[in-house]
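Just below is one structure, and these are the notes that go with it.
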Amino acid sequence: MALTDSPSGAHDVPPASPNSPEQATLIGTLVHLWPYIWPGDRTDLKMRVVWSVVLLLVAKLATLSVPFTFKWAIDALTGAHTAPVESSNWMLWLIASPLLLTLGYGGIRVMARCAC
């Protein structure tokens, strides 16, 4: 549709079509992209999406736990007695520290293998 001159000298603007960017909404975009995000015949892609969301949530939990871990470490060093494990419980620290470090290292190695 071409622009036409109105009697007042201004140009008439054609109405926006349903597929135009002026009518684009978040829901409309999601509806159009949904077959590519969640294909009905590709279970491998569905599992990738599910695992991606799970790993994003795990990463978010790890990010949120860092400040609390630092707080508990500082409290344990200052003797504030608000840490989840008391610094005086040396037997628990002696057993748990190497186990946690080994599990963390193994988990990072597995994640590095999966990322290839």
Exactly one of Leu94, Leu61 is open to solvent by 100 Å² or more (accessible area, probe 1.4 Å) and modelled with pLDDT under 85, and that residue is Leu94
Per the filter on the stretch 47-74, residues among the small types (Gly, Ala, Ser) and under 19 Å from Gly104 (Cβ atoms) are Ala59, Ala62, Ser65, Ala73
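The values are calculated or read from the model by the stated rules, or taken from the named source; none is laboratory data. Since we're looking at a predicted model, the values are computed, not measured. Please note: Cβ atoms are built from the backbone with ideal geometry, for glycine as well, and neighbour counts cover all protein chains shown. Side chains are part of the model used for accessible areas, which takes the heavy atoms of the whole protein and leaves out ligands, DNA and RNA. Shrake-Rupley method; radii C 1.70, N 1.55, O 1.52, S 1.80 Å.
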